[in-house]
Amino acid sequence: YFKQFKHLWASNRVFNSISVLATTFTIAFVMILYMVYSFRTKNIAPESNRSRVLYSGTGYSYFTKDHSQANSGMSYKAAKAIFGNLQNAEAVSYCVAKGEGAAYIGTGSSDSEKRIVSPVDDVYFRIFEFDFISGHP
């Protein structure tokens with residue numbers, strides 16, 4: 001079989017090279033699709049409870065019947081009022097979208113730096129698993 005393969009390969013190198021490359025790219029593409037799908041759906045730290053989590057997006061409140069004036073977003077108080085008393089929920093957390101808040105980090109006023117933060121409540125750290133080098137949430 002090896003001699004036959006060697007003879008067939010030598011007889012039409014261009015076609016065989018294209019076939020091998022096409023097969024290689026197809027397998028690589030399928031592997032990438034599987035990896036992207038699994039990264040989005042599997043329970044991978046820090047989202048180790050992803051399969052059991054319900055995410056709610058931005059809420060809208062309209063001030064007029066024709067929806068010409070609207071307010072987007074949801075306050076902590078409104079989120080707790082809506083989602084805080086869910087019957088079978090293990091935990092309910094509130095998180096502001098990344099980039100919505102800013103904080104100054106440093107040991108004093110002379111070395112502080114402004115950083116973009118995402119404000120969260122304490123329950124957030126029970127839902128998502130983070131390893132802290134020192135300290136705790």
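The values are calculated or read from the model by the stated rules, or taken from the named source; none is laboratory data. Everything quoted here is computed from the prediction, not taken from an experiment. Here Cβ is always computed from backbone atoms with ideal geometry, including for glycine, and neighbour counts include all displayed protein chains.
Structural remarks
- Identity of the residue in the range 110-137, assigned to a loop (DSSP other than H, G, I, E, B) and among the acidic types (Asp, Glu), that ends up surrounded by the fewest Cβ atoms within 10 Å (Cβ to Cβ): Asp131
- Subset of the range 1-57 (residues that are of a type in the set (Ser, Thr, Tyr) and over 30 Å from Ala89 (Cβ atoms)): Tyr1, Ser11, Ser17, Ser19, Thr23, Thr24, Thr26, Tyr34
- Members of the range 83-109 that are within 29 Å of Lys42 (Cβ to Cβ), exposed (fewer than 14 other Cβ atoms within 10 Å of the Cβ) and at pLDDT below 80: Ala97, Lys98, Gly99, Glu100
- Of the residues making up the range 46-58, those that are part of a loop (DSSP other than H, G, I, E, B) and surrounded by 10 or more Cβ atoms within 10 Å (Cβ to Cβ) are Pro46, Ser48, Asn49, Val53, Ser56.
- Verdict on Ser93 being in a loop (DSSP other than H, G, I, E, B), assigned by TED's automatic domain parsing to the domain that holds Asp121, in contact with a strand residue (DSSP E or B) (Cβ under 9 Å, 6 or more places away or on another chain) and small (Gly, Ala, Ser): yes
- Any hit, the range 59-76, residues being assigned to a loop (DSSP other than H, G, I, E, B) and in contact (Cβ under 8 Å) with a residue 24 or more places away in the chain: no
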